[in-house]
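Peer 1: Take a look at this one; I'll ask things after.
The values are calculated or read from the model by the stated rules, or taken from the named source; none is laboratory data. Everything quoted here is computed from the prediction, not taken from an experiment. Neighbour counts run over all protein chains shown; Cβ positions are idealised from the backbone, glycine included. Quick note on the areas: whole protein, heavy atoms, side chains included, nothing else; ligands and nucleic acids left out. Shrake-Rupley method; radii C 1.70, N 1.55, O 1.52, S 1.80 Å.
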Amino acid sequence: MKNYYIKVVLVTSLILQSFLNINAQSEDRFKFENDKAIEDYVDTYALDFDDENLFIFKDFESFLKFNNEGYLIGPVVHVFNDEGLYLESIEPYEVDKKLSNFKKIKNKPSKKAIHVDHWFHNLVNYKTQEAIVKKENTC
């Protein structure tokens, strides 16, 4: 289940960085892409993701909310604890080192830590536009 969270958030960060083209000099500051562009990106870089595991923000307001809260720096891996509380973000060059030794990952959430459900309520499948269905852990 933890691996699922990491994939969802990592893909979201990568897609946002790749498909939201911000240009301060341009009158048209934001360029939104369609599902074909996302599929082309996944194919071009040979990323191992199924369609049902790729998510985007459901609307521009959701994007702004996460951007203004500082979660869209990236690409990064956002780490949540087993209770779903946000712990930290990990830069790509640190992923192997930190994830191979969990003691190096911050283990206590801050007082203002968001819950992973905060992400789920603002993301939809890039193709179907359906909300994420949270699967319960049966173990």
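Peer 1: Against the definition (out of contact with any Leu (no Cβ under 9 Å at 6 or more places or on another chain), on the phi < 0 side of the Ramachandran plot and in a helix (DSSP H, G or I)), how does LYS112 come out, yes or no?
Peer 2: No, not satisfied.
Peer 1: So, one more: Could you pull out the residue among TYR86, TYR41, TYR93 that is hydroxyl-bearing (Ser, Thr, Tyr) and surrounded by 17 or more Cβ atoms within 10 Å (Cβ to Cβ)?
Peer 2: TYR86
Peer 1: Here are PHE80, PHE66: which of them is open to solvent by less than 70 Å² (accessible area, probe 1.4 Å), in contact with a strand residue (DSSP E or B) (Cβ under 6 Å, 6 or more places away or on another chain) and at pLDDT 85 or above?
Peer 2: After ruling out the rest, the residue left standing is PHE80.
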